[in-house]
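Chemist: Here it is: the structure, laid out below.
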Amino acid sequence: MCGIIGFSGATPALPLLLDGLRALEYRGYDSAGVALSGDGATFTVKSRGRIDTLEEKLKAADLPPALCGIGHTRWATHGEPSDLNSHPHTAGAVTLVHNGIIENYAALAHRLTLSGYKFHSETDTEVGAALIDFYYRLSGDPQNSLFAAADDIRGSFAFGVLFEDRPGEIYAIRRDSPLIAAHTEKGSFIASDVTAVIEHTSEYFRPREGIIVKISAGGVEFFDREGQKADCETERVDWSVSRAQRSGYAHFMLKEIFEEPEAIRKTVSPRLSGGLPDFGKDAPGLAELSRFRRIHIVGCGTAMHAGLMGKIFIEKFARIPVCVEIASEFRYRDPILEPHDLVILLSQSGETADTLAALRHAKSRGVATLAIVNVIGSSVAREADRVIYTLAGPEIAVASTKAYSVQCAILALFAVSAALSKKALPEPTARRICESLVNAVPDSIARLLAKSERICALARNYTDCEDLFFIGRGIDSALCTEGSLKLKEISYIHSEAYPAGELKHGTISLITDGVPVIALITETSLCEKVISAVREVRSRGARVLCFATREAARDHTIPCDDLFELDAPSGLPAAFCAATALQLFAYHAAALRGLDVDKPRNLAKSVTVE
Ligand code: AGP
């Protein structure tokens, strides 16, 4: 999604803005632009395409040096990616960058046209600029004009705004879109997220909705509606700039997959006490999990797929019924929510608009909410009744990998905790599962990672295909959904995931000579069932790659073309290992196809619009 950056300080703004935009590249974008605030004038350069293209244009434009400016990476929503539709947008005295969607932009544009405004782009953002300018003309006050415009807007926004007659000042306001501010030795910043400023400081502010941020060379200030100074707590990132760098890996995605063993240990260990789950420090009151009669797990994409794993763990260990819901559907289908229900929101970024809306819907219905989120202080984390942070560290690649694995780990631990509180699991069994989550699971993944090149060699056999099917049963069926999404999003190979037993009810008609099928076998009890499905597809010409536990491969003849043995005990270690194996498969397939693995086309890291 769009990234915004703003700087005002004592050093030239342009290099800092470009560095900030590069740090935000991972969010996904198709155009970029900057505006520099000079003495009584604003100079804007913007361009479709990568930041390199913008830089070329900037060199040619030779703008006067400036100590203050704003920048933007755009992920098109209203209007195609083009120079004209790129941000910043100007109307009268106002130049701004925007992340979000102005839903009522057409009605506002109509109103503003009657006041003489003309629009040149197809964007909703240009309407936002005109609306702020309209109120600025009336009041002459930046803060009043921003509050007044915000009142008129239906939708989401984080705006970074320059007023032509206020050089050196940037104003910002947000609703449902992320925004941070920071003061550093060089000057002050606003940005979409802390990655853009981590090089300069580890301390930052995360302004709440309903206040205005003003930055200048002198510092960062916050104002409420009455024009009074408002408070905003300082937050601190607990990771260094090196965590957000590739550190010798070809891609962030590969680096993040390799960080999984550590991320799981780091996430699970602090939630164990005496070898059993203890969420007391994160989510007091959660201990009484037995009171919940039903759980809804809500998320999008990969997070929702982690929810499918959570359903299996919770239903198996704690015997509490779980519905897994796609966040964008949840709020519109009037879900049945009852007093003894718990809604768990899963999100890496904590800023996904659909997940945030689902959380608000659940809260409005008075049910208990729990967020499992990776980004500390993010909107979902703040608004939920309780939060458990996954401690995966920054995830930069658009394709989520380590965040998924830690979400699955925390859900397994949560399931054990619920099982204990319901007395549904004997303590020694609970202890064994917890032990496995901190030892056998990460150790098995680490052994798998050492065989990344073997998975690459296998992936080579499948890089030319157009379509691919994933099959598995039980937990493997849930793992397949994520394996399939990963492959689609970065390699652009069409794929579908099917429970192995369901294939014969329709989709098997697509299996013809040479169609590739990936089969997962980590559940010992279902091994023979999956092998039958493998036979069915092979007898119709499929080329089958099977990821199976060593135990399954030893005890059965698996009729496949390629076999990868997972060196992991069956149960949780094998399941987590299979998840990582499919991530590596997708990674290598995409890299072998020469694709931009970390920035797949059309995708954004944090989807902050509906
Ligand atoms: C993951 O690979 C995807 N890019 C995407 O499905 C993602 O998981 C989804 O948008 C949810 O994001 P969140 O976890 O930040 O809420």
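Chemist: Between a first residue in the range 593-609 that is touching a residue at least 12 places away in the same chain (Cβ under 8 Å) and a second residue that is within 12 Å of the ligand (Cβ to nearest atom) and among the acidic types (D, E), which pairs have beta carbons less than 9 Å apart while being 6 or more apart in sequence or on different chains?
Modeler: Close Cβ pairs (under 9 Å, with a partner that is within 12 Å of the ligand (Cβ to nearest atom) and among the acidic types (D, E)) amount to P600/E489; L603/E489; K605/E395; S606/D193; S606/E351; V607/E351; V607/D354; T608/E351.
Chemist: Output yes when any residue across the range 421-437 is within 30 Å of I511 (Cβ to Cβ) and either open to solvent by 10 Å² or more (accessible area, probe 1.4 Å) or in contact with a strand residue (DSSP E or B) (Cβ under 8 Å, 6 or more places away or on another chain) (or both), and no when none is. Can you show your working first?
Modeler: Let us first name the residues in the range 421-437 that are within 30 Å of I511 (Cβ to Cβ), namely none.
Scanning the range 421-437 turns up no residue that is within 30 Å of I511 (Cβ to Cβ) and either open to solvent by 10 Å² or more (accessible area, probe 1.4 Å) or in contact with a strand residue (DSSP E or B) (Cβ under 8 Å, 6 or more places away or on another chain) (or both).
Chemist: Of everything in the range 587-610 that's away from the ligand (no atom under 12 Å from the Cβ), out of contact with any helix residue (DSSP H, G or I) (no Cβ under 7 Å at 6 or more places or on another chain) and not in a helix (DSSP H, G or I), which residue is most open to solvent (accessible area, probe 1.4 Å)?
Modeler: R601
Chemist: Given the criteria assigned by TED's automatic domain parsing to the domain that holds F547 and under 20 Å from T580 (Cβ atoms), does G483 qualify? Even if it seems obvious, please write down each step before you answer.
Modeler: Values: assigned by TED's automatic domain parsing to the domain that holds F547: yes; under 20 Å from T580 (Cβ atoms): yes.
Yes: the conditions hold for G483.
Chemist: Same structure, new question: Give me the residue from the range 384-431 that is more than 22 Å from the chain's Cα centre (by Cα) and of a type in the set (D, E, K, R) and, out of that set, nearest to I257 (Cα to Cα).
Modeler: Going through the qualifying residues, I end up with R431.
Chemist: Could you check how many residues of the range 151-167 are open to solvent by 10 Å² or more (accessible area, probe 1.4 Å), of a type outside the set (K, R) and either closer than 20 Å to G227 by Cβ or not assigned by TED's automatic domain parsing to the domain that holds E209 (or both)?
Modeler: So the answer is 3.
Chemist: Could you say which residue among A418, A446 is under 24 Å from F292 (Cα atoms), open to solvent by less than 70 Å² (accessible area, probe 1.4 Å), touching a residue at least 60 places away in the same chain (Cβ under 8 Å) and not acidic (D, E)?
Modeler: Working: A446 fails: under 24 Å from F292 (Cα atoms).
Exactly one of A418, A446 is under 24 Å from F292 (Cα atoms), open to solvent by less than 70 Å² (accessible area, probe 1.4 Å), touching a residue at least 60 places away in the same chain (Cβ under 8 Å) and not acidic (D, E), namely A418.
Chemist: Turning to a different aspect of this structure: Quick check, is I518 buried (at least 20 other Cβ atoms within 10 Å of the Cβ) and either more than 25 Å from T463 (Cβ to Cβ) or assigned by TED's automatic domain parsing to the domain that holds G474 (or both)?
Modeler: Details: buried (at least 20 other Cβ atoms within 10 Å of the Cβ): yes; either more than 25 Å from T463 (Cβ to Cβ) or assigned by TED's automatic domain parsing to the domain that holds G474 (or both): yes.
Criteria met by I518.
Chemist: For G474, are the conditions met, namely being open to solvent by 10 Å² or more (accessible area, probe 1.4 Å), more than 16 Å from the ligand (Cβ to nearest atom), of a type outside the set (A, V, I, L, M, F, W, C) and in contact with a helix residue (DSSP H, G or I) (Cβ under 6 Å, 6 or more places away or on another chain)? Working first, answer last.
Modeler: Numbers: open to solvent by 10 Å² or more (accessible area, probe 1.4 Å): yes; more than 16 Å from the ligand (Cβ to nearest atom): yes; of a type outside the set (A, V, I, L, M, F, W, C): yes; in contact with a helix residue (DSSP H, G or I) (Cβ under 6 Å, 6 or more places away or on another chain): yes.
So G474 fits the description; yes.
Chemist: Here's a check for you: in the range 358-385, which residue that is in a helix (DSSP H, G or I) and open to solvent by less than 20 Å² (accessible area, probe 1.4 Å) is farthest from the ligand (Cβ to nearest atom)? Show your work before the answer.
Modeler: So in the range 358-385, the residues in a helix (DSSP H, G or I) come out as 358-364, 379-383.
Next, only the ones that are open to solvent by less than 20 Å² (accessible area, probe 1.4 Å) stay: 358-359, 362, 379-381.
Details: A358: 10, L359: 11, A362: 15, S379: 11, V380: 8, A381: 11 Å.
Checking each candidate, the answer is A362.
Chemist: Scanning for something touching a residue at least 12 places away in the same chain (Cβ under 8 Å) and more than 29 Å from G100 (Cα to Cα), does the range 324-335 turn up at least one residue? Outline the logic, then answer.
Modeler: Going residue by residue through the range 324-335, those that are touching a residue at least 12 places away in the same chain (Cβ under 8 Å) are 324-328, 330-331, 335.
Narrowing the set further to residues that are more than 29 Å from G100 (Cα to Cα) leaves none.
The answer is no, given that none of the residues of the range 324-335 is touching a residue at least 12 places away in the same chain (Cβ under 8 Å) and more than 29 Å from G100 (Cα to Cα).
Chemist: In addition: Tally up the residues in the range 565-580 that are crowded, with 20+ Cβ neighbours inside 10 Å and either free of Cβ contacts under 8 Å to residues at least 40 places away in the same chain or more than 16 Å from the ligand (Cβ to nearest atom) (or both), please. Please lay out each step first, then the result.
Modeler: Of the range 565-580, the ones crowded, with 20+ Cβ neighbours inside 10 Å are 566, 568, 572-580.
Adding the requirement that they be either free of Cβ contacts under 8 Å to residues at least 40 places away in the same chain or more than 16 Å from the ligand (Cβ to nearest atom) (or both) leaves 566, 568, 572-578.
Number of matching residues: 9.
Chemist: Quick check: anything in the range 135-142 open to solvent by 10 Å² or more (accessible area, probe 1.4 Å), touching a residue at least 40 places away in the same chain (Cβ under 8 Å) and within 30 Å of T355 (Cα to Cα)?
Modeler: Filtering the range 135-142 for residues open to solvent by 10 Å² or more (accessible area, probe 1.4 Å) gives 135-141.
Filter again for touching a residue at least 40 places away in the same chain (Cβ under 8 Å), leaving 136-137.
If we keep only those that are within 30 Å of T355 (Cα to Cα) as well, we get none.
Looking for residues that are open to solvent by 10 Å² or more (accessible area, probe 1.4 Å), touching a residue at least 40 places away in the same chain (Cβ under 8 Å) and within 30 Å of T355 (Cα to Cα), one finds none in the range 135-142, hence no.
Chemist: A follow-up question, please. In this structure, does L36 turn out to be farther than 21 Å from I101 by Cβ, open to solvent by less than 10 Å² (accessible area, probe 1.4 Å) and touching a Phe, Trp or Tyr at 6+ places or on another chain (Cβ under 6 Å)? Reasoning before the result, please.
Modeler: Working: farther than 21 Å from I101 by Cβ: yes; open to solvent by less than 10 Å² (accessible area, probe 1.4 Å): yes; touching a Phe, Trp or Tyr at 6+ places or on another chain (Cβ under 6 Å): yes.
Judged against the criteria, L36 is a match.
The values are calculated or read from the model by the stated rules, or taken from the named source; none is laboratory data. This structure is a prediction, so every number in the text was calculated from the model and none was measured. Positions of Cβ are generated from backbone atoms using ideal geometry, with glycine treated the same way; all protein chains shown enter the neighbour counts. These area figures cover heavy atoms from the full protein model, side chains too; ligands, DNA and RNA do not enter into them. Shrake-Rupley method; radii C 1.70, N 1.55, O 1.52, S 1.80 Å.
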